[in-house]
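A.B. asks: Have a look at this one.
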Amino acid sequence: MRQRTTGVLLGVLLGILVAAGCSTAGSTASHEPAPMRPFGGVLTYTPAQRAALHAAEENLVSVCMRRRGFDYDPEGLATGGTDPDDRSPYGLLTTSQALQDGYGITSAALLTHRPKDPNRVRSRQKGWQEALLGTPAHKVTVSLPGGQKYFYNSDSCVSSARGHLYGSGYERLYNLFQVLANDVISTVRTDADYQRVQGRWAACMAGAGERVAVLDDPRDQVDRRLRTALQAHQDLRPVAEFELELSRRDARCQRTVRLDAAVKGAQQRAERTKDGTYHDDLSRLRAMRAEALRRSQKPSSSSATIARPSDTPAVPSSAAPSDQPRSPLRTFSAPLV
């Protein structure tokens, strides 16, 4: 009964979204520039790129596992909804996004589908787990700026596969720039010019009947309403309608005060403080990212050569900190600590 109710609500939500936005905005969202991100978006990938990289990595993991005497079926990616990587880390919102999907919160709750784990049964085997994820005896801890750390097990098939796909040293650079990007985002949010423009945005929202202070507030309002409705098994139409209307006002006020220009200026100032120290690292990361994308486009082969962990100490990237969209790649390591 509950599954049938969810299906009905899903259809209702889609109807709301289409009636309220898609018929007006059409497909313009797909032609918009990528959201503004620290360091030119070097840490993020498009949906098509994420899918290609994921498929390539899963194939390499499967080959490695077979060589160690274990079966491994490639896992799929979650589908439906709006991936956080496709949203601005600053909360910037375009008119077409607001018209078509609001903040992507209600639709994500109903549309996101996580595929079944094809390795659920075999993953209970200790040897299988150790082949995939490695063993504590081969744990490597890497220090990052700000006292943060991440670790990986150098004898895992995950490390071997990622080392072959991304290259030796990619994960260290990726995690390094996760930390630096979070620092840039935090610096932007405390920038004097940004805060002045955010104040004008809040005043504009107040004129539209919305009491907010910072850019996260509208999303928090939608989150709270959605959690309440889901917990009470209530109709989600009012939540979806509220989200669409609020996001329209938000996008309109952001455009009115030119919030994107304030973010761009503050981000450039924040990044300049790191240019001298990390310029070469950023160049290497960009080159390795491009090479990984090139490799991911090659036809998969069951005979693919996989670098051994001792040759290529690749690192599964850590879970992204709260200020940063989560990593687009499936990971097995601990969060930054």
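The values are calculated or read from the model by the stated rules, or taken from the named source; none is laboratory data. Quick caveat, the model's predicted, so the values are computed rather than measured. Glycine also receives a Cβ, built like all others from the backbone with ideal geometry; neighbour counts cover every protein chain displayed. Ligands, DNA and RNA are stripped out before the accessible areas are found, and what is left, the full protein with its side chains, is counted by its heavy atoms. Shrake-Rupley method; radii C 1.70, N 1.55, O 1.52, S 1.80 Å.
A.B. asks: Evaluate the following for residue 161: is it at pLDDT below 95 and either open to solvent by 40 Å² or more (accessible area, probe 1.4 Å) or closer than 30 Å to residue 68 by Cα (or both)?
C.D. replies: Judged against the criteria, residue 161 is not a match.
Results for (1) open to solvent by less than 10 Å² (accessible area, probe 1.4 Å); (2) more than 18 Å from residue 36 (Cα to Cα); (3) touching a Phe, Trp or Tyr at 6+ places or on another chain (Cβ under 6 Å), shown as yes or no for each residue.
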residue: 237; (1), (2), (3): no, yes, no
residue: 241; (1), (2), (3): no, yes, no
residue: 245; (1), (2), (3): no, yes, no
residue: 248; (1), (2), (3): no, yes, no
residue: 262; (1), (2), (3): yes, no, yes
residue: 265; (1), (2), (3): no, no, no
residue: 276; (1), (2), (3): no, yes, no
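A.B. asks: Now a separate question. Is it true that residue 69 is at positive phi, open to solvent by 50 Å² or more (accessible area, probe 1.4 Å) and small (Gly, Ala, Ser)? Break it down stepwise before answering.
C.D. replies: Working: at positive phi: yes; open to solvent by 50 Å² or more (accessible area, probe 1.4 Å): yes; small (Gly, Ala, Ser): yes.
So residue 69 fits the description; yes.
A.B. asks: If I filter region 283-305 for residues that are of a type in the set (A, V, I, L, M), outside any loop (DSSP other than H, G, I, E, B), more than 30 Å from residue 60 (Cα to Cα) and modelled with pLDDT of 50 or more, do I get at least one hit?
C.D. replies: No; the residues of region 283-305 include none that is of a type in the set (A, V, I, L, M), outside any loop (DSSP other than H, G, I, E, B), more than 30 Å from residue 60 (Cα to Cα) and modelled with pLDDT of 50 or more.
A.B. asks: Test of understanding: among 13, 43, 60, 93, which residue is crowded, with 20+ Cβ neighbours inside 10 Å, assigned to a helix (DSSP H, G or I) and at pLDDT 85 or above?
C.D. replies: 60
A.B. asks: When region 122-157 is examined, which residues are found to be under 22 Å from residue 284 (Cβ atoms) and buried (at least 22 other Cβ atoms within 10 Å of the Cβ)? So that I can check it myself, show each step before the final result.
C.D. replies: To start, the set of residues in region 122-157 that are under 22 Å from residue 284 (Cβ atoms) comprises 140-146, 148-152, 154.
150, 152, listed by residue number.
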